[in-house]
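Novice: The structure's right below; bear with me while I get my questions together.
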Amino acid sequence: GAAIAIVSFLVTGHAATAPPVWLMVPVVGVHLICAAFWLGALPPLVGAVRRLPALEAGASFVQFSNHAVYAVAALVLSGVVISWTQVKNPEALTTTDYGLRLLSKVGMVAFVVGLAFINKTVLTPKLLRAEGGGAELMLRSIILEIVLHALILAVAVSLTLTAPPRALG
């Protein structure tokens with residue numbers, strides 16, 4: 001199902017069909033796959049925190065974060081390429097509806113990346129040390145991440161409802 005959804009964006013989405021298509025299709029594909037990886041991993045991580053002993057849950061987070069670092073880097077880099085292609089002129093970020101929506105998405109992504117950094121550097125070590133309260137803090141943090149990802153997806157969808165600056169002339 002995820003593969004079909006991603007392919008549909010690659011053949012109909014305004015980002016993937018922007019010139020140069022030879023660049024945008026793989027860049028949008030990478031962006032979607034990395035976002036799906038990150039978001040798709042969160043519910044199982046919630047389950048790990050709820051069901052596993054702290055040390056085992058912490059090991060799950062270490063394993064995930066070892067891969068997630070690369071996925072987030074690719075997600076951000078591909079997002080920069082997509083944004084530049086769609087906006088072209090930095091002034092359009094503050095003078096168009098599309099740009100303002102994009103800025104709100106970028107702000108939320110920055111916040112969730114910061115939250116993920118705290119999870120990796122502060123809360124995962126707490127789990128690995130089986131410190132009291134570590135599991136509860138991680139659970140709250142991951143649930144907040146899920147909510148933020150839902151908001152990011154909503155803003156991403158809203159980007160399809162307005163013309164990108166590149167299409168305005």
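Novice: Within region 155-169, take every residue that is open to solvent by less than 60 Å² (accessible area, probe 1.4 Å) and among the aliphatic types (A, V, I, L, M) and give me the one that is modelled with the highest pLDDT. Explain how you work it out, then say what you get.
Specialist: Of region 155-169, the ones open to solvent by less than 60 Å² (accessible area, probe 1.4 Å) are 155-156, 158-159, 162-165.
Of the ones still in play, those that are also among the aliphatic types (A, V, I, L, M) are 155-156, 159, 163.
Working: Val155: 94, Ala156: 90, Leu159: 88, Ala163: 87.
Result: Val155.
Novice: Still on this structure: Scan region 133-150 for residues that are touching a residue at least 40 places away in the same chain (Cβ under 8 Å) and either surrounded by fewer than 12 Cβ atoms within 10 Å (Cβ to Cβ) or in contact with a Leu (Cβ under 8 Å, 6 or more places away or on another chain) (or both) and jot them down.
Specialist: If we filter region 133-150 for residues that are touching a residue at least 40 places away in the same chain (Cβ under 8 Å), which is where we start, we get 134-135, 138-139, 142-143, 145-146, 148-149.
Matches in region 133-150: Gly134, Ala135, Met138, Ile142, Glu145, Ile146, Leu148, His149.
Novice: Pairs only if they're at least six apart or on different chains, beta carbon under 7 angstrom, first in region 120-131 and under 15 Å from Pro53 (Cα atoms), second part of a loop (DSSP other than H, G, I, E, B); list them, first residue then second.
Specialist: From region 120-131, no pairs qualify.
Novice: In this structure, is Ala35 under 18 Å from Val80 (Cα atoms), crowded, with 18+ Cβ neighbours inside 10 Å and hydrophobic (A, V, I, L, M, F, W, C)?
Specialist: So Ala35 fits the description; yes.
Novice: Of all residues in region 116-132, which are surrounded by 17 or more Cβ atoms within 10 Å (Cβ to Cβ) and among the β-branched types (Val, Ile, Thr)?
Specialist: Result: Thr124, single match.
Novice: Can you tell me which residue is most open to solvent (accessible area, probe 1.4 Å) among those in region 65-115 that are polar (S, T, N, Q), under 18 Å from the mean Cα position of the chain (by Cα) and within 20 Å of Val25 (Cα to Cα)?
Specialist: Of all residues in region 65-115, those polar (S, T, N, Q) come to 65-66, 78, 83, 85-86, 89, 94-96, 104.
From what's left, under 18 Å from the mean Cα position of the chain (by Cα): 65-66, 78, 83, 104.
This time we only want the ones that are within 20 Å of Val25 (Cα to Cα), so: 78, 83.
Working: Ser78: 7, Ser83: 30 Å².
Filtering first and then ranking leaves Ser83.
The values are calculated or read from the model by the stated rules, or taken from the named source; none is laboratory data. Just so it is clear, the model here is predicted, and its values are computed rather than measured. Backbone-built Cβ (ideal geometry, glycine too); neighbour counts: all protein chains shown. These area figures cover heavy atoms from the full protein model, side chains too; ligands, DNA and RNA do not enter into them. Shrake-Rupley method; radii C 1.70, N 1.55, O 1.52, S 1.80 Å.
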